[in-house]
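Only one structure is covered here, and it is reproduced in the block below.
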Amino acid sequence: MSRRRDQRKKRRSKQADRRVLITGGSSYLGQHLVPRALQQAESAQDVVYTYYSRDPLGLENGRQLDVRDEEAVGALMDDVRPDVIIHTAGSNRPAETMEAVIRQGTTWIAEAAAHQEARLIHISTDVVFAGQNAPYHETDPPNPLHAYGRAKADAEAKVKAHADHVIVRTSLIYGLEKMDRGTAWMVEALQAGRPVTLFTNQIRNPIWAKALSDALLELVTADYRGILHVAGSQRLSRAAFGVKMLDWWGITEREMLSFAPDDGGRWPLDCTLDTTRAQRVLQTPLPGVDEVLTSWERPD
């Protein structure tokens, strides 16, 4: 056993001793995950997060990083020397940036994790599937329909080469204290008088940001390795989910809102993830949207 590996084995004997690096701290998930990680850490120095250009958290633990820059990734890893990396950094537009961030960025992060002998927890997506054979299990092979899904499937392959990894496939992420970006886009369009169509036959199982954050932090110390489907327990169409979010945030401007089936073939229809394994592995509950909404008070 190498000296570095022996040192890391000693450091990993207690959760509080583990230094966690979270990429994409400025993302919607990151803005929920970083504070939860800091709450659980024995010392604030045990949590470091990265952001690309703007840091909405504004904490001293933040480090600017472009994950597409191999040298910058390596330098940061050598400086931080993380025991665990939670890789949430990503992009879904424009196409060229999206593919570079997901494919190249994940490659450099995975290689750095191997060099540091760090555990790597990688966030993937339900749209690595075509949506024709749901519910999807961890053993089902990816068969994406679009560029984003293909990039995420390729990223999964890069992560699998690292021995100590967990690939967390998840679904639509929402919160009740900060509006998710999909809902924010919808609200902005409706309030500006632009048409919004919600699809009635695109099925997902949305996940509460708090529950997903807690599940990821639980995986920091878990023995589990491999793919894990972590999503909410309730299947909802994009239309039903969108209406629930509009209701929660008190958005009444709906004159330009319409509903229709998606028959274009560009997007997967039913990406329901089977979460049986996650419910067995994790102590963190994975509630459905209705359960979450009824348990929280509406914001003022």
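The values are calculated or read from the model by the stated rules, or taken from the named source; none is laboratory data. Worth saying up front: this structure is predicted, and the values here are computed from it rather than measured. Reconstructed Cβ throughout: ideal geometry from the backbone, glycine too, with neighbour counts over all protein chains shown. Heavy atoms of the whole protein, side chains included, go into the accessibility calculation; ligands, DNA and RNA do not. Shrake-Rupley method; radii C 1.70, N 1.55, O 1.52, S 1.80 Å.
Annotation: amide H of residue 19 within the under-5 Å range of 83, 84, sequence separation 5 or more or interchain, hydrogens built in the peptide plane. At a probe radius of 1.4 angstrom, the accessible area of region 145-279 per residue rounds to 42 square angstrom. Here's how it looks for residue 225: its modeled amide H is under 5 Å from none belonging to a residue 5 or more places away or on a different chain.
Between the Cα long axis of helix 147-160 and the first principal axis of the chain there is an angle of about 30°, rounded to the nearest 10. The residues 96, 111, sorted by heavy-atom accessible surface at 1.4 Å with ligands and nucleic acids left out, run 96, 111 from largest to smallest.
Rolling a 1.4 angstrom probe over the chain with all protein chains present gives an accessible area of which 47% lies on carbon and sulfur atoms. Each peptide among 45-53, 210-218 gets the average number of other Cβ atoms lying within 10 Å of its residues, and from highest to lowest they stand as 210-218, 45-53. Entry comment: accessible area of region 90-130 is 35 Å² per residue, from protein heavy atoms only and a probe of 1.4 Å. Per-residue Karplus couplings for region 17-25, computed as 6.51 cos²θ - 1.76 cosθ + 1.60 with θ equal to phi - 60°, are listed in order as 7, 8, 8, 10, 10, 10, 7, x, x Hz, Gly and Pro entered as x. For residue 98, the solvent-accessible surface with a 1.4 Å probe is about 10 Å², rounded to the nearest 10. For the chain, the longest principal axis of the C-alpha atoms and the axis of helix 105-116 are separated by about 30°.
Please say if region 113-241 is rounded, prolate or oblate, where rounded means a/c under 1.5 for a ≥ b ≥ c the square roots of the C-alpha gyration tensor eigenvalues, and otherwise the choice is prolate for a/b larger than b/c and oblate otherwise? It comes out prolate by the Cα gyration axes. Round to the nearest 10 and give me the degree value, 0 to 90, for the angle of helix 209-221's Cα axis relative to the longest principal axis of the chain. Roughly 20 degrees, rounded to the nearest 10.
The alpha carbon gyration tensor of region 75-151 gives principal lengths a ≥ b ≥ c with a/c of 1.5 or higher and a/b no greater than b/c, which makes the shape oblate.
Each Lys or Arg adds one and each Asp or Glu takes one away; over the other residues whose Cβ falls under 14 Å from the Cβ of residue 209, this sums to +1.
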